[in-house]
Structure formats: C-alpha cells, structure tokens
Amino acid sequence: QVQLVESGGGLVQTGGSLRLSCAASGRTFSSDYGMGWFRQAPGKEREFVAAISWNGGMLYYADSVKGRFTISRVNANNTVYLQMNTLKPEDTAVYYCAATMNRYPTTYSPYNYWGQGTQVTVSS
C-alpha cells in the first residue's frame, strides 16, 4: 500500500558528504505522514537518526548526528532527504526510510512502513 525506496548511498571518505533520498508512493500514502530515517550497523540494533513532521515544521535528530545531518522533505514529489555532512566511520550502516501516520513523529513513534535500505560506508 505504501512503498518507500531509498537511494543515494555509497562509499565516501571521512569528512565527506552524501545525500540520501526516499521516494514514497502507493495508493494510501499521504503527505500527512511523518517521516523518519533510521540506520543499522553490522552487529548492532537499528537506531533512530532523524524525523520530520508532515509539513517539515518540526525536526528531531539523534544526538550523534546533530549539527551534521539535515532531514527535509518535498511533499509535492513525496520525497524525503537526509543530507549527511562531516561523515565519520561510525556513520557506516544501512540507512532506512520510514513513514508513520503520526504527523509529528519522534524517536518513539510507531513507524508503519519501511524501505529496503541503502548502504552508506565511510572509510577512514
């Protein structure tokens, strides 16, 4: 009913930048949905990275990425972005986009739909 497709991952050196995109589609997807980014490193649990409200007016970030990552969205084309700057080796993970029917999502909101993920690798 809702499809999320991430893109933009890749290999980058420490200090570099990447921009991830998440394209949402599906009969039941609404621009009223809150959106989030999560990541999972090898051998670790999935962790919250950032979230954005339905209108882009409220943003939440994990402490580990504050000041380096920026989440944004363009509702006209159902796309959410994650601009990642000053990347560190510890940012290496599979990054997942997620959608929630909570218009103002936070770390603890239930996310209803998930993408397949895109790999980000930061070399030292």
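At-a-glance table
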read-out	value
Share of pairwise Cα separations in the chain, more than 27 Å, in percent	11
Surface share of carbon and sulfur [accessible, 1.4 angstrom probe, percent] for the chain	48
Probe 1.4 Å - accessible area at Met101, Å² to nearest ten	120
Mean accessible surface per residue for the chain, computed with a 1.4 Å probe while every protein chain stays in place, in Å²	51
Surface accessible to a 1.4 Å probe, Arg73 within the full protein complex, Å²	40
Within the chain: Cβ-based charge dipole about Cα centre, in debye rounded to nearest 20 (Lys, Arg +1; Asp, Glu -1)	140
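The values are calculated or read from the model by the stated rules, or taken from the named source; none is laboratory data. None of these values were measured; they are calculated from a predicted model. Every residue, glycine among them, receives a Cβ derived from its backbone with ideal geometry; neighbour counts consider all protein chains shown. SASA here: full protein model, heavy atoms, side chains in, ligands and nucleic acids out. Shrake-Rupley method; radii C 1.70, N 1.55, O 1.52, S 1.80 Å.
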